[in-house]
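Chemist: Right, I'll just put the structure down here and ask away after.
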Amino acid sequence: MSQNLPVISQNSDIRFLGRLLGDVIRRRGGESLFDRIEAIRADSVDRHRGVAQPRELSAGLDSLSLDEAVAFVRSFMLFSMLANLAEDRQGTVVEQESTLAATLRYLRAQGTSPSDAAALLERAFIVPVLTAHPTEVMRKSMLDHRNRIAALLRRRDAGLDESPEGQPIEEAITAQITLLWQTRALRRERLYVADEVDTALTYLRDIFVPVIPVLYARWERVLGQRPASFLRLGSWIGGDRDGNPHVVADSLRLALDRSSKTLLLDYLEQLNSLGAELSISNELAPVSAAVVELARKSGDMNAARADEPYRRAITGIYARLAASYVRLTGQVPPRPASVDGEAYPDPQSFRLDLLLLEQSLAGESTIEPAGGGGLLRLIRAVETFGFHLATLDLRQNADVHERVISELLRVAGVSADYGSLNEPDRIALLRRELATERLLSSPYATYTPETASELSIVAAAAQAHRRYGPECIRSYIVSKCESVSDLLEVNVLLKEAGLYRARGMEQGSPAAAIMAVPLFETIGDLRRSADIMRSWLQLPEVASVTVARGYQEVMLGYSDSNKDGGYLTSVWTVHQATRALDAEFLKAGTAMQVFHGRGGAVGRGGGSSFAAIRAQPPGSLHGRIRITEQGEIIAAKYGTREGAAANLEAICAATLLASLERESLSETDRRRFSGAMDALSGEALKAYRALVYETEGFTAFYRQMTPVVEISELKIGSRPASRSQSTRIEDLRAIPWVFSWAQARVMLPGWYGFGQALRSFPDMGLLREMLDAWPFFRATVDNLEMVLSKTDMGIATRYAALVEDRTLADEIFARIRDAWWITHDKLLAVTKQSRLLENHPALEVSIRLRLPYIEPLNLLQVELLKRHRSGESDPRVREGIQLSINAIATALRNSG
């Protein structure tokens, strides 16, 4: 943060931003504060170089007053935030081979023709899904300032000296950093669903909407033809009710309304720019009859534009889109239309008018591609985003559905004891209900608030389909799905709103406007998933609906399976479930679409998306995948346009590879490797369960060693941290479970059990063979190695000292520390490295640059936790803890 930052000299952006931050601290906090912060920073850097002792760093921290401590945490948080921005801009964490062009070259070398790749992309469906999980600790105001800095840096890259307002670039960036320093980082009020919607819209509006059409233009050049719009956007924000009582029908309406409003305003601005650009006169260039007709019907009678049919046609198109805006939002756009127009009934009608313009321009050889570039980007945007922007999923827990269906059946006089029925009887009863057009609910009946809320949700979804089109909501995720009846209950609920029909439009067969999607989360559920889906696909009404749709989606969860069985068993069980499900779907003749519920941390399925997708069982994706993007990972991967473009392209390239790449293993090797993984997984599961669920006192140890209680007090999400008032680990959500271990620098969910499994495995040669030949095992080991590199047992010892029962603390922490060293040593042996990340130099540099800025935050957090838990009531103590949680999460990045 000073002008002398040797530890980060390899990155000019970080040096530049760090210097400006140091200047801001000096001016706004005073020279004394700056000197003290700089001294602590220098001591920490020296300690990581091995030229200083930990006590020197601790002494500097102990001398801070509370005010200085809070300022210190804020300064390190801001530095980490700016370092993240610099790293994202330079793409240091994105694999070089993860572009579509590189993938096509690789596949061509393997013997896959470009036409085969193009054919797959024509039927592909790739969707990152934004979720509002409570690990995004940054306020939207902070994100807005960061995004402005990113925009200013882009201007600096382009050689521009001034901001759009005429301010010198460096001065403008300094002003934004000053605003960051002066902006409160913590929320003082609970975060509401509306706040989460607004935060997501920041990314959707500023990043995804401008980036995706540009990516398609790049891919069109790479492919030599125009690909289908296979990359779409999804969201859970406003539709995910699992354990979140604050998501109701109004949340659904609000999310869709704000998304549509944001998107249509962007379309209107693009049309306005096109009207200014396409000044073509029909006296100087031929114009198609279709465009002439559009111009004639536009109502634009301005004599000055009499010879400019494109402008007149756009005037009419703008008027129709403005009328659509009024119809969908109930408001007049900021720039009203100059003529009257009839609202477009759907986005397809809007697109057809745009295509008439594009076809006329394409038919005129004097028009260079740049002349219609804006129009082509707008057409692609409409194909990708429609009028809804991001497809919103519904999600609810199966236990809720059971209670709701039980009440509906009881009140309707159909069944008084649905909850006591066995599975075959439940299936028979639900199928009978689905076979009739009769509804169960009545507007004259009285229901519990839970049932009334669920009925209002599906009613709001049906209304959304009528308003925005069927693409606005496509899936209904069933959490804790354990049976076929769990899925049938959703269809019965959808039927109450007309979203499932016993006799659809075609030949009287059933039709479902929204698909029931199982989420298999625990180890047991994942192992039973193929059996459940086999029974599901064998139901005639399900087969009919699935054939009409063309696929059935299955969601696989990493978070709860990890909390249930540990890292290695979780990823292996998901892998096995995918392979088994693919086989069942092939037998049924139905396409499977996999939805991966990955979190940010490795303990929740995180790590490189490119490596994770490529490591899927060969041929199991078939070009179709959805994948969650959660918490602070949204900022990490999509915080800048450059980073977003690289990460989106990596997801698409990996899906292409996983779908078309030849099987790298022989059947013999696959059996050998699978047998080895079964053995490793069994040992890892035994070790993990023995510690977490079978060790007396472990829950108390965990709750006192980590800041999980303090995390639950942060206003960082609308969803409660636990599913109930219980303190049991089984009832804790996977997100705070992983997040709290990361704060204490243990990151236990990302590695525990792996080392014990390696130690008990007799064949090191086989493990190395697996590492070289099997993408799944390589990705598994790479992710675990990244986690180990961010852990610090020395710092974790400080957190373990927070546990009141010293005998308990010493015994349990000794087991964790010993297991870490076993994992560390065995991992180096398998990978044949002398240190962690030796074979991943870019990632090693990225993490090494961060560690000196994290350790002081951890040490200060421990001290503040001691004071807080001893009863000290000074509000600065609580503020310091919460700021430190924010700062450590920002510095670690994928921690939640």
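Chemist: In whole percent, and with a 1.4 Å probe on the protein chains, what portion of the accessible area of segment 316-428 is carbon and sulfur? Don't skip to the answer; put the middle values down first.
Modeler: Details: 2450 of 4710 Å².
After summing per-atom areas, the C and S share lands at 52 percent.
Chemist: Which entries in the list Lys480/Lys587; Lys480/Lys826; Lys480/Lys686; Lys563/Lys790; Lys790/Lys866 go over 31 Å, if you measure between the two C-alpha atoms of each?
Modeler: Numbers: Lys480/Lys587 25 Å; Lys480/Lys826 35 Å; Lys480/Lys686 23 Å; Lys563/Lys790 20 Å; Lys790/Lys866 24 Å.
Exceeds cut-off: Lys480/Lys826.
Chemist: Considering Cα pairs under 8 angstrom that are at least six residues apart, work out the relative contact order of segment 415-536 and quote it in whole percent. List each step's numbers first, then the result.
Modeler: Details: 126 pairs, mean separation 33.9, N = 122.
Reported as a whole number, the value is 28 percent.
Chemist: At R0 = 45 Å, how high is the FRET efficiency between Gln167 and Thr448 if r is their beta carbon distance? Nearest 0.05 is fine. Write out the running numbers ahead of the final one.
Modeler: On the way: r = 58 Å, r/R0 = 1.30.
So the FRET efficiency works out to roughly 0.15.
Chemist: If you rank Val292, Val746 by how much accessible surface each has, with a 1.4 Å probe, what is the order from largest down? List each step's numbers first, then the result.
Modeler: On the way: Val292 75, Val746 0 Å².
The most accessible residue leads, giving Val292, Val746.
Chemist: Same structure, new question: As a check on your grasp of the helix formula, calculate [θ] at 222 nm for the chain: sum -39500 (n - 2.57) over DSSP H runs of n ≥ 4, divide by the residue count, round to the nearest 500. Mind dumping the intermediate values first?
Modeler: Details: 37 runs with 548 residues, N = 896.
It comes out at -20000 deg cm²/dmol, rounded to the nearest 500.
Chemist: Along each of the three principal axes of the Cα atoms of segment 108-231, give the extent in whole Å, ordering the values from largest to smallest.
Modeler: 57, 41, 24
Chemist: Additional query: For segment 756-896, give the magnitude of the charge dipole about the Cα centre (Cβ charges: +1 Lys/Arg, -1 Asp/Glu; no others), in debye to the nearest 20.
Modeler: Values: 19 positive and 19 negative charges, 44 e Å.
Dipole size: approximately 200 debye.
Chemist: Moving on. Normalising by the residue count of the chain, find the relative contact order in percent from Cα pairs under 8 Å and 6+ residues apart.
Modeler: Numbers: 1411 pairs, mean separation 150.7, N = 896.
After rounding, I find 17 percent.
Chemist: In Å and whole numbers, how far do the C-alpha atoms of segment 789-836 stretch along each principal axis, longest first?
Modeler: For segment 789-836, the Cα spread along each principal axis is 40, 17, 10 Å.
Chemist: Note down the magnitude of the dipole of segment 817-887 about its Cα centre, charges +1 on Lys and Arg C-beta and -1 on Asp and Glu C-beta and zero elsewhere, to the nearest 20 debye. Don't jump to the answer; show the numbers that get you there.
Modeler: Working: 11 positive and 9 negative charges, 15 e Å.
With only Lys, Arg, Asp and Glu charged at Cβ, the dipole is about 80 debye.
Chemist: Compare the Cα positions of Tyr344, Asn244, Gln225 along the charge dipole of segment 221-374 (+1 at Cβ of Lys, Arg; -1 at Cβ of Asp, Glu; about the Cα centre) and return the one farthest towards the positive end.
Modeler: Sorting the options by dipole projection puts first Asn244.
Chemist: Stick to Cα atoms and the Kirkwood definition of Rh, then tell me Rg/Rh for the chain.
Modeler: Values: Rg = 28.3 Å, Rh = 29.2 Å.
Here Rg/Rh amounts to 0.97.
Chemist: Could I ask something else about it? Multiplying the sequence separation of Arg218 and Asp531 by 0.36 nm and subtracting their Cα-Cα distance, what value in nm do you get?
Modeler: Details: separation 313, 0.36 × 313 = 112.68 nm, distance 4.25 nm.
Full-extension gain reported as 108.4 nm.
Chemist: I would also like to ask the following. Taking Cα atoms of segment 450-515, Rg/Rh with Kirkwood Rh, to two decimals?
Modeler: Working: Rg = 12.1 Å, Rh = 12.5 Å.
So for segment 450-515, dividing Rg by the Kirkwood Rh gives 0.97.
Chemist: Looking at Gly794, Thr823, Ile847, which one has the Cα that reaches farthest to the positive end of the dipole of segment 786-873 (charges on Cβ: Lys, Arg +1; Asp, Glu -1)?
Modeler: Ile847
Chemist: Still on this model: P(r) of segment 170-256 in 10 Å steps, Cα pairs, percent per bin?
Modeler: 13, 27, 27, 23, 9, 0
Chemist: Same structure again: When you take every Cα atom in segment 607-708, what is the radius of gyration, and what is Dmax, the widest Cα pair distance, in Å?
Modeler: For segment 607-708, the Cα-based Rg and Dmax read 19.2, 50 Å.
Chemist: A further question on this structure: Under 5 Å between amide hydrogens, which residues at least 5 positions from Ile627 or on another chain qualify, with H placed 1.01 Å from N in the peptide plane?
Modeler: The list, which skips near neighbours in sequence, is Val127, Val129, His596.
Chemist: Sticking with this one: Size of the dipole of the chain about the Cα centre, Lys and Arg at +1 and Asp and Glu at -1 on the beta carbon, nothing else charged, in debye to 20? The partial results should precede the final answer.
Modeler: On the way: 106 positive and 112 negative charges, 14 e Å.
Charge dipole, the chain, about its Cα centre: 60 debye, nearest 20.
Chemist: Per 0.36 nm of contour for each residue apart, how much would the distance between Asp731 and Arg27 grow if the chain were fully extended, relative to their Cα-Cα spacing? Could the numbers behind the result be given before it?
Modeler: Values: separation 704, 0.36 × 704 = 253.44 nm, distance 4.80 nm.
Stretched fully, the Asp731-Arg27 segment lengthens by 248.6 nm.
The values are calculated or read from the model by the stated rules, or taken from the named source; none is laboratory data. In this text, all values refer to a predicted model and were calculated from it rather than measured experimentally. A quick note on method: Cβ atoms are made from the backbone with ideal geometry, for glycine too, and the neighbour counts reach across all protein chains shown. All accessible areas refer to the heavy atoms of the entire protein, side chains included, with ligands and DNA or RNA removed. Shrake-Rupley method; radii C 1.70, N 1.55, O 1.52, S 1.80 Å.
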